[in-house]
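One structure is given here, and the rest of the page talks about it.
The values are calculated or read from the model by the stated rules, or taken from the named source; none is laboratory data. Quick caveat: nothing in here was measured; it's all calculated off a predicted structure. Reconstructed Cβ throughout: ideal geometry from the backbone, glycine too, with neighbour counts over all protein chains shown.
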Amino acid sequence: MLDAIVFYTVAALVLAFGVLVVTARNTVHSVVFLVANFLCVAVLYVALAAEFLAVVQVLVYAGGIVVLYLFVVMLVNLRDLPETPPDPRRRARLGFLLASALLAEVTAILVYAAGRPVPPAGTPGALTDQGNTELVGQLLYTDYLIPFEMASMLLLVAMVGAIVLARRES
């Protein structure tokens, strides 16, 4: 009974903070509401006995990602953006080709993953008597290695994009 009360209360807080993130007029307030949302999600993970995911949620999202958001918000002053014509050095065709190559790679990964057989119940990766942290680590570096690396590349591209946007050419 207490578990249900905690779950529904924290789930309502997650939804409320999600709405506040989207509707806040000040971007710094929006990031603060996002931190509160991430912390509530970590509490949900603790309630579901996934302590490792709760710690990762706090360290990675509430710590690292939010700091990155704050840097972007503070470096890119959205109020003082001048109206500029499109950059003549822009390579639209090259960007389209690279996006098409990325889409082809993701499609190939999905086709490959769909063709793999499902492991039997007694093999590693299935729910066994392993600890939560050991199971997550084993799955992350075996079955989900390519999505893990793709997420790290996406974060790297986002960071480089934030730096490029923040850099002002005089």
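If I ask for residues that are within 25 Å of I65 (Cα to Cα) and at pLDDT 80 or above, which ones from segment 115-141 would you list?
The first filter runs over segment 115-141 and keeps only residues within 25 Å of I65 (Cα to Cα), leaving 132-141.
Result: E134, L135, G137, Q138, L139, L140, Y141.
Please identify the pairs in which a residue from segment 124-137 that is farther than 14 Å from V55 by Cα has its Cβ atom under 8 Å from the Cβ atom of a residue that is at pLDDT 60 or above and in a helix (DSSP H, G or I), counting only partners at least 6 apart or on another chain.
P124/Q138; G125/L135; G125/Q138; G125/L139; L127/L135; T128/L135; Q130/Q138
Out of all the residues in segment 86-108, is one or more among the charged types (D, E, K, R), within 23 Å of the chain's Cα centre (by Cα), at pLDDT 75 or above and under 30 Å from A47 (Cα atoms)?
No.
Being surrounded by 14 or more Cβ atoms within 10 Å (Cβ to Cβ), at pLDDT 85 or above, closer than 21 Å to F38 by Cβ and out of contact with any Pro (no Cβ under 9 Å at 6 or more places or on another chain): is that true of V73 here?
no
If the requirement is being under 19 Å from the mean Cα position of the chain (by Cα) and touching a residue at least 40 places away in the same chain (Cβ under 8 Å), which of these qualifies: L39, L53, L44, L34?
L53
Output yes when any residue across segment 31-39 is surrounded by fewer than 12 Cβ atoms within 10 Å (Cβ to Cβ) and under 18 Å from M159 (Cα atoms), and no when none is.
Here is the first cut: in segment 31-39, the residues surrounded by fewer than 12 Cβ atoms within 10 Å (Cβ to Cβ) are none.
Among the residues of segment 31-39, not one is surrounded by fewer than 12 Cβ atoms within 10 Å (Cβ to Cβ) and under 18 Å from M159 (Cα atoms), which makes the answer no.
Of these, A4, A49, which one is in a helix (DSSP H, G or I) and of a type in the set (G, A, S)?
Matching residue, one of A4, A49: A4.
Can you find even one residue in segment 15-25 that is in contact (Cβ under 8 Å) with a residue 24 or more places away in the chain and either assigned to a helix (DSSP H, G or I) or within 24 Å of S152 (Cα to Cα) (or both)?
No; the residues of segment 15-25 include none that is in contact (Cβ under 8 Å) with a residue 24 or more places away in the chain and either assigned to a helix (DSSP H, G or I) or within 24 Å of S152 (Cα to Cα) (or both).
Conditions tested, residue by residue: (1) surrounded by fewer than 15 Cβ atoms within 10 Å (Cβ to Cβ); (2) within 29 Å of I163 (Cα to Cα).
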residue	(1), (2)
L2	yes, no
L20	no, yes
R25	yes, yes
L48	yes, no
L53	no, no
Q57	no, yes
A62	no, yes
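Which residues, counting only those in segment 17-45, are among the β-branched types (V, I, T), touching a Leu at 6+ places or on another chain (Cβ under 7 Å) and modelled with pLDDT of 90 or more?
Filtering segment 17-45 down to residues among the β-branched types (V, I, T) leaves 19, 21-23, 27-28, 31-32, 35, 41, 43.
Now drop any that are not touching a Leu at 6+ places or on another chain (Cβ under 7 Å), which leaves 21, 31.
If the condition is that a residue be among the β-branched types (V, I, T), touching a Leu at 6+ places or on another chain (Cβ under 7 Å) and modelled with pLDDT of 90 or more, then V21 is the only one that fits.
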